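Everything on this sheet refers to the single structure shown next.
Throughout, read-outs are computed from the coordinates displayed, never taken from laboratory work. Keep in mind it's a predicted model, so treat the numbers as computed, not measured. Glycine also receives a Cβ, built like all others from the backbone with ideal geometry; neighbour counts cover every protein chain displayed.
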Amino acid sequence: MANPQTTDWSRLIADPRFQALHRRKQGFLTGLMIFSVIYYFLLPIGAGYFQDLFKVKVWGVINVGLLFALSEFFVAWGIAWYYTYYANKHFDSQAREIAATHEKGGA
Amino acid sequence: MNHKHTKWVLLALAGALGVATPVFAQSAATGEYKWITFTVFAAIILLTMYITYVAAKRVKSASDFYTAGGGVSGMQNGWAIAGDYLSAASFLGIAGLISQYGYDGFMYSVGWLVAYITVLLLIAEPCRNIGKYTLSDILAYRNDPKKTRVVGALSVITVSTFYLTAQMVGGGVLVKTLIGIDYETSVICVGVLMLGYVLFGGMVATTWVQIVKAVLLVIASLVIVMLVWVPYGFSLPGFLQDVVGDPKVQARVATLLGDKATNMTAAELGQRFLEPGLYFKAPLDQISLGMALVFGTAGLPHILMRFFTVPTAQQARKSVVWAMSIIGGFYVLTLFLGFGAAKLVGPAVIAAQDPGGNMAGPLLAQYIGGGANSLLGNFMLAFVSAVAFATIVAVVAGLVLAAASAMAHDLYVGVFRLGHGQPVTPQEQVRAARVATVIVGALAITIGIAAKGQNVAVLVALAFAVAASANFPCVLLTLYWKRCNTGGIVLGMIVGTVVAVGLTLVSPNLTYPKAVKAAAHKTLDGEAAKRTKITAALASTDPIKVKEAEMATKALDKAVKKANDDLVKFKDQETSFMGLEKPLLELKNPGIISIPLGFLAVILGSLLFRDKRAEDMWDEVYARQNTGILASKPTAH
């Protein structure tokens, strides 16, 4: 492992590019996390307190509850895909740029 | 490790195989097909032994032993995470729950997948950038290394031991049911094989055993699901229509609903199988369990450890996405396995083999292959059983590695040696890791045998509850909250663990002899009335009614026997293990209370005990976790 003394961390944190990355990342992650937690807990809440709704048949014997539970899988995969797409596009290149400038005390 | 040692790999594992051979006495497979069971088991065990043999040559340093040198690719790690996570509880258990309770079983599986969103968004990448071998590495980075390593290691060992005990006991019972060897022998087989993989092959062998097992599991499930679904032209409503129209399923729902079923038509009973509420009666419990799963997985040490095996944060991200695809896809397949087993094998037949429904998958495999008297049917049963066996061994290997790393890397090397200013050579580190592995492995076998016949379901819930209430708040806040510090971590770990364990000990998960005896008396009092009803039904001209009555007789006989057994077992006992007559708290899972308290403890502890170093280090921690500067590099081979 390299010597931590070689990177000036407070200077890195103060770099406007890092501040921009931090803000963008924090906003994106918080929003996505809140959405996924709410969407997940709708399932046990629905199954527990809104059984009449969950029992409504929509496609043959398939009811709202079953479709909603199935949708949880696709929403989870969707979130994972969207996060990966967003992070690959917006976070990684910026992080690499910042690291290149500051690693071992450069610039 | 040199060649002198590698031959011991083969010797030790061959020993385990030797123990496993004279077996297969009264397994689910019928007598004349025992050789199939034996061949399939031997093939899978030999395959894993070969993996260990190859891996052992690559394990030279502590980094190789704990994290496979950081040289695992994102895709490989994704399969290994799936292999680590699809334990017997989730792979046999969920199919079983669906076959017995329908919708609720499927709903239960969702939480196990959604848990990985938390891991993906908040935990995996920062942990990869900051950590090295263990969960405590992350905690110790900003905070007082000695104190946080001690509390972190204790929590890791606690969580792993709970999970390990559940796996050993559950695995012992399962192997006994699957292949018919006795309980103690099964536990020893699982333990010795696992020790062989971990001791000689470290994380390299563990990773590959998990990958192979996950691939076999997915192939087996895909084949079975295809065969179940083909007759319906891959139509979901068509398949489910047939499931709810099946008299076996309708009879099961009628049994579950009891008196409430009297005015329902057969069609209504069948439809009820696709509606919530047959298993989860208390919504709050269900929400609490969901919280423990969704936040606990991100605090499970053996899962966190997997992110140190990949070279970069990007690969860590990729591995979670792979894991989510495999795990989620597998649970969707489980929907078919569970409902298919209910339709084709029947809930009552499955419950007769194992009351928890764990045999649903294996029995369905046997049925699909042509039944108990066919070659293919027994091959399929043997294959699924062997994969289940590999599952238990692979999951146990991951857990032992996590506990051993906490013991050797955090406590011995981090606290006792480096903490006292004594340098540790790389050879000593590897030796410490192996010694700790043997200790944890021996402990796992001992606990597994000692806990025979105990109710261990509570232990899995407990492992997730402690992980969610202690580990998760500590890891999350040290990564994302500037003012988090040593005081917060120590208090959070203690409060989270104590509250989660304490609430579970007074929960309905424990056995309450007084309630058990009351239920037994109720069964016995109602026996006569039920017998009269069954006798009337037996005289009926409707063959379906007679069949139902015959099943009801069997069920009643079983219930009466259990009631009498319970009365004898708890003759002189009125209170639970904790001295309580009834649970203090009606919650089965403490998450909804203990998780917020865990977070509160970290926050209060941090604010009460200011720690200048932790705050000064914030810039470094935050910069490193976001940029990957100084992240530990993979070792070249």
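Within 10 Å of each Cβ in A:90-98, how many Cβ atoms from other chains are there, averaged over the peptide?
Details: counts 0, 5, 5, 0, 2, 9, 3, 1, 5.
Average neighbour count from other chains, rounded to a whole number: 3.
Sparse packing (at most 14 other Cβ atoms within 10 Å of the Cβ) combined with a DSSP loop state is found for the following trypsin sites (Lys or Arg not before Pro) in segment B:265-373: B:Lys281.
Counting only DSSP H runs of at least 4 residues, each contributing -39500 (n - 2.57), and dividing by the residue count of the protein assembly as shown, the helix-based mean residue ellipticity at 222 nm comes to -24500 deg cm²/dmol.
Considering every alpha-carbon pair of chain B, the percent of pairs per 20 Å bin, from zero through the bin containing the longest distance, is 19, 52, 26, 4, 0.
As a footprinting exposure proxy, order A:Leu42, B:Leu459, B:Leu193, A:Leu21 by other Cβ within 10 Å, with the fewest listed first.
On the way: A:Leu42 14, B:Leu459 22, B:Leu193 29, A:Leu21 19.
Neighbour counts put them in this order, fewest first: A:Leu42, A:Leu21, B:Leu459, B:Leu193.
How do the peptides B:226-236, B:364-374 rank, highest first, by the average count of neighbouring beta carbon atoms within 10 Å per residue? Display every interim value, and only then the final one.
Working: B:226-236: 13.5, B:364-374: 19.9.
Result, highest mean first: B:364-374, B:226-236.
Legend: mean number of C-beta atoms from other chains within 10 angstrom of residue C-beta atoms, peptide A:67-73, equals 5. Ordering B:Phe472, B:Ala432, B:Val393 by Cα displacement along the dipole of segment B:367-483 toward the positive end leaves B:Phe472 in first place; charges were set at the Cβ atoms of Lys, Arg (+1) and Asp, Glu (-1).
Consider all pairwise Cα distances in segment B:39-108 and report the whole-number % of them above 17 Å.
Working: 1588 of 2415 pairs.
So the pairs more than 17 Å apart make up 66 percent of the total in segment B:39-108.
Near B:Ala394: Cβ cut-off under 15 Å, other residues only, Lys/Arg at +1 and Asp/Glu at -1. The net charge is +1.
Figure the gain on full extension for B:Leu600 and B:Arg483 (residue separation times 0.36 nm, minus the Cα-Cα span) and round it to one decimal in nm.
40.8 nm
Other residues lying with their Cβ under 15 Å from the Cβ of B:Phe273 contribute a combined charge of +2, Lys and Arg counting +1, Asp and Glu -1.
Taking amide H as placed 1.01 Å from N in the peptide plane, the amide H of A:Asp8 sits under 5 Å from that of A:Gly105, each at least 5 places away or on another chain.
Taking Cα centroids, how far is segment B:162-196 from segment B:511-585 in Å? Rounded to whole Å, the Cα centres lie 30 Å apart. Annotation: amide H-H contacts under 5 Å for B:Asp354 (H modelled 1.01 Å from N, sequence separation of 5 or more, or interchain): B:Met359.
Step through the table entries A:Lys55/B:Lys452; B:Lys34/B:Lys60; B:Lys530/B:Lys571; B:Lys452/B:Lys582, compare each Cα-Cα distance with 32 Å, and write down the pairs that go over it.
Numbers: A:Lys55/B:Lys452 41 Å; B:Lys34/B:Lys60 41 Å; B:Lys530/B:Lys571 26 Å; B:Lys452/B:Lys582 24 Å.
Exceeds cut-off: A:Lys55/B:Lys452; B:Lys34/B:Lys60.
Each of A:Trp9, A:Ile62, A:Ile79 was placed along the dipole of segment A:7-100 (beta-carbon charges, centred on the mean Cα), and the one lying farthest toward the positive end is A:Trp9. Taking every residue in B:237-247 and counting other chain Cβ atoms within 10 Å of its Cβ, the average works out to 2. With neighbours defined as other Cβ atoms within 10 Å of a residue's Cβ, the residues B:Leu135, B:Leu491, B:Leu222 order from fewest to most as B:Leu222, B:Leu491, B:Leu135.
Between helix B:3-20 and chain B, what is the angle of the helix's C-alpha long axis to the longest principal axis, kept within 0 to 90° and rounded to the nearest 10? Around 20 degrees separate the two axes.
Residue exposure proxy: B:Tyr85, B:Tyr141, A:Tyr39, ordered by other Cβ atoms within 10 angstrom of their Cβ from fewest to most, comes out as A:Tyr39, B:Tyr141, B:Tyr85. Rounded to the nearest 20 debye, the dipole magnitude of chain B is 1020 debye, with +1 charges on Lys and Arg beta carbons, -1 on Asp and Glu beta carbons, and the Cα centre as origin.
Once you sort the root eigenvalues of the Cα gyration tensor of segment B:329-376 as a ≥ b ≥ c, which label holds: rounded (a/c under 1.5), prolate (a/b larger than b/c) or oblate (the other case)?
Working: a/c = 2.00, a/b = 1.17, b/c = 1.71.
Oblate, since a/c reaches 1.5 and b/c is not below a/b.
What whole-number distance in Å separates the alpha-carbon centres of segment B:206-225 and segment B:308-331? Cα centroid to Cα centroid, the span is 16 Å. Net charge of the neighbourhood of B:Tyr197, taken over other residues with C-beta under 15 Å away and scored Lys/Arg +1, Asp/Glu -1, is +2. Residue-wise HN-Hα couplings along segment B:282-287, as the Karplus relation 6.51 cos²θ - 1.76 cosθ + 1.60 with θ = phi - 60° gives them from phi, are 10, x, 5, 4, 5, 5 Hz; Gly and Pro carry x.
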